[in-house]
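The values are calculated or read from the model by the stated rules, or taken from the named source; none is laboratory data. Bear in mind the structure is a predicted one, so any value in this text is a computation, not a measurement. Note that each Cβ is placed from the backbone with ideal geometry, even for glycine, and that neighbours are counted across all protein chains shown.
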């Protein structure tokens, strides 16, 4: 599957060795094509430089593992019809142009109402929802794995006195 990554996903993966970085590693190792373009790469780079400069080398290493495309000139015919604020339209437009099946973004404020919906063939996902979608094929979702389960002590034999090994 072709997956386009928003700048906030790249930022999170570069900032810490947490769940988002592990998700990207799993996507890449499973053979999915992870995409970014110059627009989201520059936004992630700019935000890291301002807030967490130690993450810049990690971002560069991450970008070297992704398929990247150039910054495209705005395509008003495509972008004007997208149900997003103007500043977010280039992200979805890039995912559409690169033929991606999914766009992963943590931008709940602008993309949240679109999570799970397909626009021009691109389904919008949060990092969590893409993980759940990928795990849905016969394996339990992360939510199921995190549920508390009662613990039972399983004993094969009833308790009893053990014979002493000391001489009588």
Take the conditions at pLDDT 95 or above, crowded, with 20+ Cβ neighbours inside 10 Å, touching a helix residue (DSSP H, G or I) at 6+ places or on another chain (Cβ under 9 Å) and on the phi < 0 side of the Ramachandran plot and apply them to residue 61. Does it pass? no
Evaluate the following for residue 98: is it surrounded by 15 or more Cβ atoms within 10 Å (Cβ to Cβ) and either at pLDDT 85 or above or under 30 Å from residue 70 (Cβ atoms) (or both)? yes
As an exercise: evaluate residue 138 against (1) outside any helix (DSSP H, G or I); (2) at pLDDT below 90; (3) within 18 Å of the chain's Cα centre (by Cα) and give the number of the one condition it does not meet. (3)
Residue count, the range 13-22 (criterion: assigned to a helix (DSSP H, G or I) and surrounded by fewer than 21 Cβ atoms within 10 Å (Cβ to Cβ)): 4
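Each row is one residue, and each column tells you yes or no for (1) within 18 Å of residue 107 (Cα to Cα); (2) without any contact (Cβ under 8 Å) to a residue 12 or more places away in the chain.
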position	(1), (2)
1	no, no
12	yes, no
17	no, yes
25	no, yes
28	no, no
53	no, yes
57	no, yes
62	no, no
67	no, no
Under 6 Å by Cβ, and 6 or more places apart or on different chains, what pairs join a residue from the range 116-129 that is closer than 15 Å to residue 19 by Cα with one that is assigned to a helix (DSSP H, G or I)? 127/20; 127/23
